[in-house]
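Before any comments, here is the structure.
The numbers here are math on the coordinates, done by the rules we state, and not lab data. Bear in mind that the values here come from a model prediction, so they are computed numbers and not experimental data. Here the Cβ positions follow ideal geometry from the backbone for every residue, glycine too, while neighbour counts run over all protein chains shown.
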Amino acid sequence: MKINISKSIIENILIHAGPFLEKKDTSQITSHIYLNVSNNNLSIKATDYEIGFLVQTQDVEIFESGEITANGKKFLDIIKILKNDTVTLESIDNYLHITQAKSKFKLPTFAYNEFPSFPQYDQNSKLSINSQILIESLKKITPTIDNNNPKFELNGALMDIQANTITFASTDTKRLAVVNIENTNTKELSIIIPKKAIVEIQKLFFDEIEIFYDETNLIITSQQYTFFTKLINGKFPAYERIIPKDIQHSYLLPKTTMIESFKQITTIANDIKLTFFQDTITFEALSDDNIEAKTQITFQTNFEEPFELAINSRFVLDFLNVLDTPEFNIELNSSNLPFILSSNNFKTVIMPIIL
């Protein structure tokens with residue numbers, strides 16, 4: 001194998017490949033990336049078995065076809081220190097040689113035919129989703145996905161594929177985020193996508209995509225990328241039961257004003273008490289340090305008696321910061337019951353702090 005490629009192109013590919021590599025054990029072939037040069041095309045793969053990434057480019061000058069592997073982190077470290085010019089990559093005697101002008105490096109390789117294969121998906125069920133809608137949906141539910149929960153299914157998000165809709169849902173047990181989008185599907189299936197995969201999907205796909213799925217894998221393809229993730233084997237909580245059905249109080253609130261008010265108080269404390277008066281909403285820090293932080297906005301609520309709600313401000317700001325609307329709904333029952341924040345097809349159910 002021997003090619004010339006722009007430094008900026010190979011660097012960008014290796015940066016995207018980084019999260020897919022095994023990092024702790026460099027003796028594993030999954031710490032390597034796989035390069036295949038054939039048919040006027042360069043393909044690069046990276047996988048840690050759980051998620052995988054394949055990119056193809058024709059922006060390369062090919063002198064000799066071939067296949068090779070190399071440690072992905074060291075490869076990127078070398079490329080980063082080179083000048084913004086053409087780089088030559090060549091396989092010689094089981095080494096990958098990287099040269100640019102008078103700079104020369106070589107990396108040992110592993111047997112490329114032992115590199116893990118990617119799942120086949122031609123026979124799998126398929127979805128056609130606008131990539132922007134997919135990314136926006138995943139962005140809204142990502143903050144609510146738990147980390148390192150012993151219940152593995154909570155370390156991912158549900159993708160509930162039904163005949164006319166797809167529902168994305170995630171929960172960390174203190175809050176629940178749900179997004180519904182319209183779609184026509186051939187096969188109904190509920191799958192749980194790991195958080196790591198959801199984060200990487202948001203970095204890769206901006207063009208037209210196709211999604212393939214079965215009980216084991218989710219595969220997303222575009223003209224440039226192919227991505228796969230193994231799915232979490234488990235049963236996601238019945239999210240519909242968590243959403244309050246009967247609502248006593250509902251208000252349409254201004255997003256920007258609410259964000260500004262919350263951020264003023266979070267300089268002192270993350271836990272905040274909201275008090276809804278008849279014509280104002282007061283924001284007050286719940287702090288153990290005897291430090292006072294308080295602000296208020298004018299808003300007509302028509303509460304005859306003050307209504308208090310203690311909340312973790314981060315939960316509310318996570319919701320507000322991904323909204324694309326100037327206003328949102330808040331739906332309340334009593335101070336110690338879950339409340340709902342919603343805008344169009346997106347809602348978050350939050351457990352209050354019990355005072």
Listed by chain and number, the residues whose amide H is under 5 Å from that of Thr301, excluding neighbours fewer than 5 places away on the same chain and using placed H, are Asp279, Thr280
In Å³ per residue, the alpha-carbon convex hull of region 126-241 encloses 93
Relative contact order as a percentage, region 171-276, C-alpha pairs under 8 Å and 6+ apart, gives 19
Here the averaged projected area of region 1-99, based on the convex hull of its alpha-carbon atoms and given in nm², is 5.8
Cross-link reach from Lys104 to lysines, straight Cα distance under 28 Å and at least 8 residues apart if same chain, gives Lys2, Lys7, Lys23, Lys24, Lys45, Lys73, Lys74, Lys80, Lys83
Rounded to whole Å, √(5λ) for the Cα gyration tensor eigenvalues of region 245-350, largest first, gives 20, 17, 13
Restricting to lysines and to Cα separations under 28 Å from Lys294, and discarding same-chain partners fewer than 8 apart, the set is Lys174, Lys255, Lys263, Lys273, Lys347
The answer for Ile247, listing residues at least 5 apart or on another chain whose modeled amide H is closer than 5 Å to its amide H, is none
With x for Gly and Pro, the residue-by-residue ³J(HN,Hα) of region 262-278, computed from phi through the Karplus equation 6.51 cos²θ - 1.76 cosθ + 1.60 at θ = phi - 60° and given in whole Hz, is 4, 5, 4, 7, 5, 5, 9, 7, 7, 8, 10, 9, 8, 10, 8, 9, 4
For the chain, the dipole about the Cα centre with charges only on Cβ (Lys and Arg +1, Asp and Glu -1), to the nearest 20 debye, works out at 900
Rh (Kirkwood, all Cα-Cα pairs) for region 151-216, Å, reads 13.0
With -39,500 (n - 2.57) per DSSP H segment of 4 or more residues and division by the full residue count of the chain, the 222 nm estimate, nearest 500 deg cm²/dmol, is -5500 deg cm²/dmol
Length-normalised contact order of region 245-350, Cα under 8 Å, at least 6 apart, in percent, tallies to 29
Restricting to aspartates and glutamates and to Cα separations under 12 Å from Lys230, and discarding same-chain partners fewer than 8 apart, the set is Asp48, Glu50, Asp214, Glu215
With Rg from the Cα atoms and Rh as the Kirkwood inverse mean 1/r over Cα pairs, the chain has an Rg/Rh of 1.08
